[in-house]
Each structure stands twice: as C-alpha cells, then as structure tokens.
Amino acid sequence: MSASRQGSSRIAAVFAALKEEGRSALISFIMTGDPSLPATLAAMHALVESGSDVIELGVPFSDPMADGPVIQLAGERALARKVNLAQVIEVVAQFRASNTTTPVVLMGYANPVERYDQRRGNGAFVRDAAAAGVDGVLVVDYPPESCHAFSAQLKEAGLDPIFLLAPTSGEARMRAAGELGQGYVYYVSLKGVTGAASLDTAEVARVVPLIRQQVSLPVGVGFGIRDAESARAVGAVADAVVIGSRLVQLMHAAAENHPEGSDAQSQAVAQAVRDFLTPVRSAMDRAPLENPS
C-alpha cells in the first residue's frame, strides 16, 4: 500500500471506529495562517488533544462566496501575511511529522487550486497534497456535476473528494455527491453563509435521513454550530459535526495580545482551542448516534 493510499484510508478508518463506538465525529475548521503559520500548527495539535477527529484546513482566498464575516476576515488576514496554497500544504507536512493518524482535509475554492497547477504544472496540487499527507479535498465551487476529472485525479492519488450538500439539494445532487465523493459529504445546514446563528436542529434531524437514502457515505453537518449544546443536538442525528466560525473567532481573540508568530501566541491559541472544544466533545459524547449510516 502506498503512502498516499494509506492517507486515503484515514477518514474511512475514523468514521468506522466511531460508528463502532456509537459516537459522531467532531470535524474542526481553522483558517491556515490566521493568526500565524506557527499558531496554525499549534492549533492543529490542540484540536486533536481536544477530541477533534478530522481537521479541515481553510485555504485563504480573496472571494470566499460561502463564508460569513468571521471566516472572510480570517482569510483576509492570512492573505495579508502572504499565506498561499503552497504554505497550506507545507503546514500539513509539518503536522504529519508527529501525527500520522488524524485526517486532514483542505477546504477552499477553485481559484487557488487552478493557479497552483498553472504555476507548477497540471496535476501538481493533487501530487503535492498527497505527498504532504492530505487526506481529502473540498472545493466549494466544484459541484459534483462538473467535477468528474478532478475527482478521478484525487482518487487516483489516494485523496478523498468531498462535496457539499445544501437544503436546496435534490435527490440527483445527493446521489452525485455520494457517487463521486469519498470520506463524507458535508451538509450545509442552512441557506446562508458560515457562522450564521439560525441553526434549526429539527430540520437537520428531518433532512439527514433523506440524505442517507441517497448517499452511503457518512453525513457531516456544518454552518451555524457554535456551542456544545448545538453540537450535541446535531451529533445525535448526524455522523459528524463541523465547527468553524466560533473556533476561528476565539483563536483570533486569543492571539491579539501576543507578538505574531511567537511561542506565546501559539500557546495562547492552543489553549483557546482546548478550552472551547473539550466541552463540545464531552457534550457530543453524551448523545449517542441515532440512525447510523
């Protein structure tokens, strides 16, 4: 088995183990380079220590159509520090030096991926991401209907293509996401952007079984999950809970009074991650998974 193929199995292995335990996965999103690259690496390790099962690393982009103000600003701050996709991939490689088990998914937009290949050659992004130890890729503006070639490239390299589903997604889109995708599907729980506060857990409980009728992959739910109780409610009906905006917000606040890139900043950010996520994980573990896929 190649190194990249081993990497591909990490997401499936995590979900299989959690299913056996009757628990849902905690997927945590942070923006690479905000508040700094060293703090990003420290935060990744703190995410694992706090119970995160999968890490989603944001790729900074200037026009993030799906992101609310918190993640938009985080991306802008990272771009101001000249953080690019090559550095995102390098952070994963650094993380893999001491963690070879926690899945890492890159989440972003088509422009940085395509620009990366323009500069380094066709297929360079997939090749370099696999070599660094990335497990999955979620490109927000690559819907499954127009992503056959890219999905095939990812799978060939041992990476999981992951797709979004929305409240407006019909059965055909659900099936396409499940057939082309691997790892899990990401259900956007509301008609809005990241960080919205209008999560309707009853609606999530209604829709997730409908997705499972069309999709055999685990179903993760994100957008609007901001605290332990909302995570617990979603975790009771979904295979995974995705938390991002609140985490990004707390990391930024923790970093403000420390020099950029300093050990003190990294330590403060890591502690903020632990303080927030540890009770979230505990709350989720009090809610056994219903109707597992």
(request) Before anything else, pin down the relative contact order of the chain: Cα pairs under 8 Å, at least 6 apart, normalised by residue count, whole percent. (result) 24 percent
(message) Against the 2.2 N^0.38 Å scaling, with N counting residues, where does the stretch 83-224 land? I'd like the Cα-based Rg ratio to two decimal places.
(response) 1.09
(request) Give me the Debye-computed log₁₀ of I(q)/I(0) at q = 0.16 Å⁻¹ for the chain, equal point scatterers on Cα only, no solvent, two decimals. (result) -1.33
(request) Within 10 Å of each residue's Cβ, count the other Cβ atoms and sort MET44, MET174 from fewest upward. (result) MET174, MET44
(request) State the answer as a single residue: which of SER36, ALA152, ALA80 lies farthest towards the positive end of the charge dipole of the chain, with beta carbon charges of +1 for Lys and Arg and -1 for Asp and Glu, about the Cα centre. (result) ALA152
(message) For a quick check: sort ASP239, ASP200 by the number of other beta carbons within 10 angstrom, fewest at the front.
(response) ASP200, ASP239
(request) Looking at the stretch 3-285, send over the antiparallel percent of its DSSP beta bridges, to the nearest 5. (result) 0 percent
(message) Using a Debye calculation, one point per C-alpha and no hydration shell, please list log10 I(q)/I(0) for the stretch 1-103 at q = 0.12 Å⁻¹ in order.
(response) -0.44
(request) Based on other C-beta atoms within 10 Å, arrange PHE29, PHE125 from fewest to most. (result) PHE29, PHE125
(request) Give the Rg (one decimal place) followed by the Dmax (whole number) of the stretch 136-293, computed from C-alpha coordinates and expressed in Å. (result) 17.1, 50
(request) Assign unit charges at the C-beta atoms only (+1 for Lys and Arg, -1 for Asp and Glu), then state the dipole size of the stretch 3-285 relative to its Cα centre in Debye, rounded to the nearest 20. (result) 300 debye
(request) Sum -39500 (n - 2.57) across every DSSP H segment of at least 4 residues in the chain, then divide by the residue count to get the 222 nm mean residue ellipticity, nearest 500. (result) -16000 deg cm²/dmol
(message) Cα atoms only: what Rg and Dmax, in Å, come out for the stretch 193-265?
(response) 15.9, 50
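A short reminder: the numbers here are calculations on the coordinates, not readings from a lab. Bear in mind that the values here come from a model prediction, so they are computed numbers and not experimental data. Cβ coordinates were reconstructed from backbone atoms using ideal geometry, including for glycine residues, and neighbour counts include every protein chain displayed.
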